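Step one of this worksheet: look at the structure below.
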Amino acid sequence: MADTLDTDKDPFDAIVDAPFDSALSERYLVYALSTITARSLPDLRDGLKPVHRRLLWAMRQLKLDPASAFKKSARVVGDVIGKYHPHGDASVYDAMVRLAQDFALRYPLVEGQGNFGNIDGDNAAAYRYTEARLTRTALRLMEGLDQGTVDFVPTYNGEEEEPEIFPGLFPNLLANGASGIAVGMATNIPSHNVAEIIDATLELIDNPHVEHARLMELFHGPDFATGGRVVDSPESISAAYETGRGSFRVRGRFHAAEAANAADREAGIERLGGGQWQLVVSEIPYQVQKGKLIEQIAQLIADRKLPILEDVRDESDEAIRLVLVPRSRNVDPELLKESLYKLTDLETRFGLNLNVLDATRTPMVMGLKELLGHWTASQIDILQRRSRHRLDQIARRLELVEGYIVAYLNLDRIIEIIRTEDEPKPVMMAEFDLTDRQAEAILNMRLRSLRKLEEMELRKEREDLLKEQEELNKLLDSPARQRTRLKRDLAALRKEYAEDTALGRRRTTVAEAAPAVEFSMDAMIEKEPITVILSARGWIRAAKGHVDLAQDWKYKEGDGPAFAFHAQTTDKLLLAADDGRFYTLGADKLPGARGFGEPVRNTLDIDAAAQLVAAIVHRPGQRLLLAADTGRGFAAQTGELLAETRKGRQVVNLKDKAKLAVVYPIAAADDHVAVVGDNRKLVVFNLEELPEMTRGQGVMLQRYRDGGLADARTFKLEEGLSWAMGGETGRTRTEPEMWQWKVARGGAGRMPPNGFPRDNRFS
């Protein structure tokens, strides 16, 4: 036992002593390169990733051409993962399903039978239930595999061989597009129209120095499987294809096939009589699930974020038909469309990233011209390889034909040699100067073939082969002939995918959108009068209509009134806290007044220690007097105080324990400011001395030895200064002569007129 242990190899001898970071980086680099070159990025030459190529190759080996019967998808997936692609069956089947979906691929490469999913977002049935075969387009992509056009490489276990790429002339990379995320890079290529791709390629073959602008005259942009409209400007689309990076705005299409006139049909408007109408969506953006889009629109209606829309109905069969019912016949159809584009996935953005593997398997972002140039070069190389392969076949056949002619001319002697000689082969080779293959072919002929050995036929076949050989040699020797042959083949392919064919007809319209209808979200809200009630503890609610502000409202125990004012549901409310922050609330989002309302802090991130000092309605052009208890202040436009987030906006900067004390609306006619301090001193100065700011501490309004600012307001000097008398009568008093309190801003002031409130407040 001990001897056995001594002879065993120590497992620690296999440990490599290396820095961890270098070992990790080397292994991660191998993984990254594998992901980039063998999983995520398509090959420029056939536009396929390895999993798609292996799927199509396995189906070809199973003879699943368009004229043959369907086979179970499980059989195909089993062959793929067993022979070529040792990965999970789910990922392989998902890739196969996508190749069969006519809403995912512009030119499907697999024809499916059974449930292969739908545009609503439903998954395909399991592969044991579905069947598949290749499409004509897939055969076009694989044309020439038996003609020596590409290299074959061993599969992962060395038992089989698979093609490195597909040699077909079909421009699959641009025709069907691709998307994938690798390590440190990604690709996203939309589908395009084959006829346009071929037109641009032919132009490039004729003129290798063609300008990009000329190519874009022929190549108009994406042609998605689901149609829709690309609404960006021609300049931005051209710039994206020139650099290989960019993005497109893709919109659904409104089209009402049953509309009475052409204008309504193109606008997607169906007239219902009595002035009523509805919108019909016939196409949705690429990669948008119809079911999710309907959910989006329905949620907008439920949340009252799109009040001009009353209902959405899905009346789709094989064709998409989404019906949108406006709330009233007075709704502007263009406004409804623009709001749907803005709030839903009826408008999406498709990012263009032409990142592909070139012929040397190097990832590279290419522009349109560069990409077409590389693809053309690869097709020229395939043409040359096909020609050389055919020349080899001709040479081998010519060798045999020459031997057959010799045998025909000397048939009696050949028969005599075969009958009399024990080893006729070397005798024939020596007597008639035949090669080993020629002699072997003569010996292997059946007797019934002798009647076909007619000299004229053999000589005609030899002449035809020699003529074809000469043509092929000329083709290989002349780049011009190669370009001409490629152009001829492309022209023939274009006829199959021409604009007047069902498969070749362009589906996506590329046209710059008209200027958008200007609208705000306020236009989406029904305008109704409300009365806003905000309690001292920050509970807010809204009663319908403009009710009496003096009426008694119910509050929670220990709570009481703070602010009550009239507003409209379309208004924005400004709430000011004593820490100098301003918050914005939509009046349409306030809870009803049946209960106590809701804490405003549920909606806004107001500091727990802060107290609300003002609640006002935002009016365009309205100015506010803002003053801290330190005596500093400034004027501000309410439009500058609106906050877009629940955290609000810091407007008044305060130091130490200072608090915002005054938020007072400045009337258009006001021309002076009155400030009173805790020390009961009053100062009046010209409103022009008050600066207008968007944020800051402001300027000194009044100076104090003791205490701070108690209250401030603006007024018109000619009309005098007014203040509340107190008590239940609600009377006010006006002092018309204020000249003796008028000083420059920042003064200490003097005692107010007789009868001024003891609490030093104007109201």
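Derivation of every value follows stated rules applied to the coordinates shown; laboratory data play no part. Note that the coordinates shown come from a computational prediction; the quantities given were computed from them, not determined experimentally. Methodologically, a virtual Cβ is constructed for each residue, glycine included, from the backbone with ideal geometry; neighbour enumeration extends over all protein chains shown.
Worth pointing out:
- Shape category assigned to region 323-376 from the gyration tensor of Cα positions, a/c cut at 1.5: prolate
- Based on C-alpha pairs under 8 angstrom that are at least 6 apart in sequence, region 229-331 has a relative contact order of 20 percent.
- Amide H partners (placed H, <5 Å) of Thr508, local residues excluded: Phe224
- The longest part of the chain holding none of the exposed loop chymotrypsin sites (Phe, Trp or Tyr not before Pro), meaning those outside H, G, I, E and B in DSSP with at most 14 other Cβ atoms within 10 Å, is 157-763.
- Rounded if a/c under 1.5, otherwise prolate or oblate - region 525-599, Cα gyration tensor axes: oblate
- Partner lysines whose Cα lies under 22 Å from the Cα of Lys742, excluding those fewer than 8 positions away in the same chain, are identified as Lys681, Lys716.
- Note on Lys63: aspartates and glutamates with a C-alpha under 16 Å away, same-chain residues under 8 apart excluded, are Asp79, Glu111, Glu131, Glu143, Asp146, Glu162.
- For region 253-345: rounded, prolate or oblate by the Cα gyration tensor [a/c cutoff 1.5]: oblate
- Estimated at 0.36 nm per residue, the fully extended path between Asp381 and Leu400 surpasses their Cα-Cα distance by 3.9 nm.
- Distance between modelled label sites at Leu549 and Asn473, nm, 7 Å Cα→Cβ extension: 10.5 nm
- Segment Gln568-Ala69, length gained on full extension (0.36 nm per residue, minus Cα span): 172.8 nm
- Of the residues Leu48, Gln551, Phe634, the one whose Cα sits farthest towards the positive end of the charge dipole of the chain is Gln551 (charges of +1 on Lys and Arg Cβ, -1 on Asp and Glu Cβ, taken about the Cα centre).
- Set of lysines near Lys460 by C-alpha distance (under 26 Å), chain-local residues within fewer than 8 positions excluded: Lys452, Lys474
- Region 292-393: GluC sites (Glu not before Pro) in DSSP loop, at most 13 other beta carbons within 10 Å: Glu315, Glu318
- With only Cα atoms counted, region 371-496 has Rg and Dmax values of 20.5, 67 Å.
- Point-charge dipole on Cβ atoms (K/R +1, D/E -1) for the chain, about Cα centre, debye to 20: 2740 debye
- Taking Asp264, Asp122, Asp317 and counting other C-beta atoms within 10 Å, the order from fewest to most: Asp317, Asp122, Asp264
- Pairwise label distance in nanometres, Ser22 with Asp671, each label 7 Å out on the Cα-Cβ vector: 8.5 nm
- Computed label-point distance, nm, for sites Asn602 and Ala32 using a 7 Å Cα→Cβ extension: 5.0 nm
- Calculated from the structure at hand, Cα Rg over 2.2 N^0.38 Å is found among [x] 1.37; [y] 0.95; [z] 1.53 as [z].
- Neighbour counts of other Cβ atoms within 10 Å put Thr155, Thr484 in the fewest-to-most order Thr484, Thr155.
- The helix-only estimate of mean residue ellipticity at 222 nm for the chain, built from DSSP H runs of length n ≥ 4 each weighted as -39500 (n - 2.57), is -9500 deg cm²/dmol after division by the residue total.
- Computing FRET efficiency as 1/(1 + (r/R0)^6) for Ala319 and Arg136, where r is the C-beta to C-beta distance and R0 is 25 Å, gives about 0.60.
- Placing a label point 7 Å from the Cα of Ala744 along the Cα-to-Cβ direction, the residues of region 646-686 whose backbone N falls under 20 Å from that point are 672-676, 682-686.
- Neighbourhood charge, 13 Å Cβ-Cβ cut-off, centred on Arg646 and excluding it, Lys, Arg +1 and Asp, Glu -1: +2
- Residue pairs exceeding 19 angstrom between C-alpha atoms, taken from Lys556/Lys659; Lys290/Lys342; Lys544/Lys572: Lys556/Lys659.
- Fraction of antiparallel bridges per DSSP, the chain only, in percent to nearest 5: 95 percent
- Region 265-306 and region 157-231: distance between their alpha carbon centers, rounded to Å: 33 Å
- Were the residues from Leu465 through Ser236 laid out at 0.36 nm apart, the gain over their Cα-Cα distance would be 77.1 nm.
- For GluC sites (Glu not before Pro), the sites in region 239-290 that DSSP calls loop and that have at most 12 other Cβ atoms within 10 Å are Glu258.
- Diffusion constant of region 128-243 at 25 °C, which comes from Stokes-Einstein with the Kirkwood Cα-pair radius and 0.890 mPa s, µm²/s: 142 µm²/s
- Count Lys and Arg as plus one, Asp and Glu as minus one, and take only other residues whose Cβ is under 15 Å from that of Glu496; the net charge is then +1.
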